[in-house]
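The structure under discussion appears below in the form of structure tokens.
The values are calculated or read from the model by the stated rules, or taken from the named source; none is laboratory data. Only a predicted model underlies this, so the values are computations on that prediction, with no experimental measurement involved. Neighbour counts run over all protein chains shown; Cβ positions are idealised from the backbone, glycine included.
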Amino acid sequence: MTIWLWIALVSNVVYWGIFFFLVSHRRWTKASLAVGVLHMIFASLLVVAPIRSLIDPNYIGYSIGFIRFEGRATSLPSALILAWALSAAWVAVRNGGGRWLKVIAIGDLIFALNLGAAIAWDWSQGRLDGPMIQFGEHLTLSGLWAALLLLTVFAVPFVASALWAMRRASVTGKNPPPASQTSGNPVPPSDHTNNINGIQFSQLQA
């Protein structure tokens, strides 16, 4: 196992540990948990890039859709993207609503549009055999199946996540009750609960 794989393993253990610690507080809903897991999976693919691009002169770079960086120019952008993905995951399971969820919505829309537009462009040019997503030399996806995978695993879920985040960002007041208190006991309908459940979990599986 190379040093970079060890860095990826240790970093993911730390980041997922923080995520599960926040999940243990039971302040999430099914939808917010799904959004958090989506962003944690995305972040897990980025943990090495900010470090390796600074140290390894042979690092070949990082690209998603139209976004491409090479060498040390990868360090800052990949670090910012990683910070956004982790923040989005932790905010989703920690906060019931509020303006911080706009961070999730804006980032989700940017990445969904970037991926969708890049795939559509390559499709129109007959270039779906080229790499769709690339993380160093360890993960390069290309071809029609890679395009469909990116659309179903990231682009479409990011759109659903953005819709949920925009809906929840408009909710003010206290966080929703812990998940352990909302399972099994019906809650009388009100304007507040309607806002909380406005986007159902099933939409995140579109």
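Observations on the model:
- Filter pass, Gly36 being on the phi > 0 side of the Ramachandran plot and surrounded by 15 or more Cβ atoms within 10 Å (Cβ to Cβ): no
For every residue, the table says whether it meets (1) over 26 Å from Val93 (Cβ atoms); (2) modelled with pLDDT of 75 or more; (3) exposed (fewer than 13 other Cβ atoms within 10 Å of the Cβ); (4) more than 14 Å from the chain's Cα centre (by Cα).
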site	(1), (2), (3), (4)
Ile133	no, no, no, yes
Glu137	yes, no, yes, yes
Ala160	no, yes, no, no
Ala169	no, yes, no, yes
Lys174	no, no, yes, yes
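- Those residues of the range 92-117 which are surrounded by fewer than 21 Cβ atoms within 10 Å (Cβ to Cβ), in a helix (DSSP H, G or I) and of a type outside the set (S, T, N, Q), in sequence order: Arg94, Lys102, Val103, Ala105, Ile106, Leu109, Ile110, Leu113, Gly116, Ala117
- Residue that is modelled with the highest pLDDT, among those in the range 21-56 that are among the polar types (S, T, N, Q) and assigned to a loop (DSSP other than H, G, I, E, B): Ser24
- Matching entry among Ile110, Ile199 (being over 19 Å from Ser44 (Cβ atoms), within 21 Å of the chain's Cα centre (by Cα) and modelled with pLDDT under 60): Ile199
- Per-region count, the range 57-71, residues modelled with pLDDT of 80 or more, hydroxyl-bearing (Ser, Thr, Tyr) and assigned to a strand (DSSP E or B): 0
- Residue within the range 18-28 that is closer than 27 Å to Leu149 by Cα and among the β-branched types (Val, Ile, Thr) present: no
- Cβ-Cβ distances below 6 Å connect the following pairs, each with a first residue in the range 122-151 that is closer than 21 Å to Leu45 by Cα and charged (D, E, K, R), a second residue that is surrounded by 15 or more Cβ atoms within 10 Å (Cβ to Cβ) and modelled with pLDDT of 70 or more, and a separation of six or more residues or different chains: Glu137/Ile60.
- Within the range 1-20, if we keep just the residues that are surrounded by fewer than 18 Cβ atoms within 10 Å (Cβ to Cβ) and farther than 21 Å from Ala88 by Cα, the residue that is modelled with the lowest pLDDT turns out to be Met1.
- Residues satisfying the stated conditions in the range 69-85, i.e. within 23 Å of Leu150 (Cα to Cα) and loosely packed, with under 14 Cβ neighbours inside 10 Å: Glu70, Leu80, Ala83
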